[in-house]
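The values are calculated or read from the model by the stated rules, or taken from the named source; none is laboratory data. Small disclaimer: the values here were computed from a predicted structure and weren't measured. No Cβ is skipped: glycine too gets one built from the backbone with ideal geometry, and neighbour counts run over all protein chains shown. Note: accessible area is taken over every heavy atom of the protein model, side chains too, but ligands, DNA and RNA are not part of it. Shrake-Rupley method; radii C 1.70, N 1.55, O 1.52, S 1.80 Å.
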Amino acid sequence: MPYPEENLHTNEELVLDLHPHWWTITPSIAALAVVLTVGLWAVIDGWEGPINYLIAVVLLVNLVWFGVRYLQLVTTHFVLTSDRVIYRSGVLAKRGVEIPLESINAIHFSQKLWERALGLGDLKVDSASVEGVSEFENIRKPNRVQNEIYIQMENNENRKFDRVAQGINAHDPAPAAPSIPEQIAQLAQLRDQGHLTAEEFEAKKAELLGRM
């Protein structure tokens, strides 16, 4: 389930849209696999009595647990845009965090040995925003995400300087047009270089003198 593009600001570009690593739902998958194995064993072995009802109830509970965890996985987004870091989670009740790139002071990531082997880890964003330090768990390839955030922070800073420079240039006075004597001198130079004939020079000169 992709992050809705209508939630982006004007001229804001989506850079990363990540769901938590699949390891997040591993406990529910493992429990469901165990119950299915026991249930299959019971069918093959011909078990009878209340044990079958107990297995059915446990199987139903684990199916619901897996379904809820899967929905939480696909509805949780860690998003990086050209302007912000965004975190959204929740199926019915929603919660979210937004951190402007210009307010980020530092980004830290941590990985245990087994997390490094599986390609996940935790990310900690230290910012000057209201949230202060925000921690995000089970991020895919957190070292690459950290690097990409720094790249977007630099790009965002460069765009800010470009906007300031454009604003300054917009207030610069336009260069003054050359005066009529200067234009006549330029025409004389073109005549001397052979780009204008004497007749063309005199005609242009008379036209310019007529404007004075």
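Against the chain, whose longest principal axis comes from its Cα atoms, helix 180-192 is set at around 80 degrees. Under Stokes-Einstein, with the Kirkwood radius over Cα pairs as Rh, the value for the range 1-126 at 25 °C and 0.890 mPa s is 139 µm²/s.
Per-residue accessible area (protein heavy atoms, 1.4 Å probe) orders M1, M153 as M1, M153, starting from the largest.
Enumerate the lysines that K141 could reach by cross-link, defined here as Cα to Cα under 22 Å, with residues fewer than 8 away along the same chain left out. In chain and number order, the partners are K112, K124. Hull volume per residue, based on the alpha-carbon atoms of the range 10-49 and their convex hull, is 107 Å³. Within the assembled protein chains, the solvent-accessible surface assigned to E207 is about 90 Å², based on a 1.4 Å probe.
Extents of the range 1-75, largest first, come to 65, 17, 15 Å (Cα atoms, principal axes, whole angstrom). Apolar share of the accessible surface for the range 51-122: 67 percent from carbon plus sulfur atoms, 1.4 Å probe. In order along the range 137-148, the Karplus-derived 3J(HN,Hα) couplings, from 6.51 cos²θ - 1.76 cosθ + 1.60 at θ = phi - 60°, round to 9, 6, 7, 6, 6, x, 5, 6, 5, 4, 5, 5 Hz, and Gly and Pro are given as x.
Using just its DSSP H runs of length 4 or more, each adding -39500 (n - 2.57), the chain gives a mean residue ellipticity at 222 nm of -17000 deg cm²/dmol after division by all residues.
The residues of the chain expose on average 67 square angstrom of accessible surface per residue, using a 1.4 Å probe on protein heavy atoms. Scaled against the 2.2 N^0.38 Å expected of a compact globular protein of N residues, the Cα radius of gyration of the chain reads 2.04. When the charge dipole of the chain is built from unit charges on Cβ atoms (+1 for Lys and Arg, -1 for Asp and Glu) and taken about the Cα centre, the candidate among G210, A42, A31 whose Cα reaches farthest toward its positive end is A42. Assuming a ≥ b ≥ c are the square roots of the Cα gyration tensor eigenvalues, decide whether the range 47-87 counts as rounded (a/c under 1.5), prolate (otherwise, with a/b larger than b/c) or oblate. Taking the square roots of the gyration eigenvalues as a ≥ b ≥ c, the range 47-87 is prolate. Distance between the pseudo-spin-label points of E202 and M1 (7 Å out from Cα toward the beta carbon): 8.7 nm.
Here the translational diffusion coefficient of the range 53-120 follows from Stokes-Einstein with Rh set to the Kirkwood radius across Cα pairs; for 10 °C and 1.306 mPa s it amounts to 104 µm²/s. Evaluated with a Cβ-only charge set (Lys, Arg +1; Asp, Glu -1), the chain carries a dipole of roughly 560 debye about its Cα centre, given to the nearest 20.
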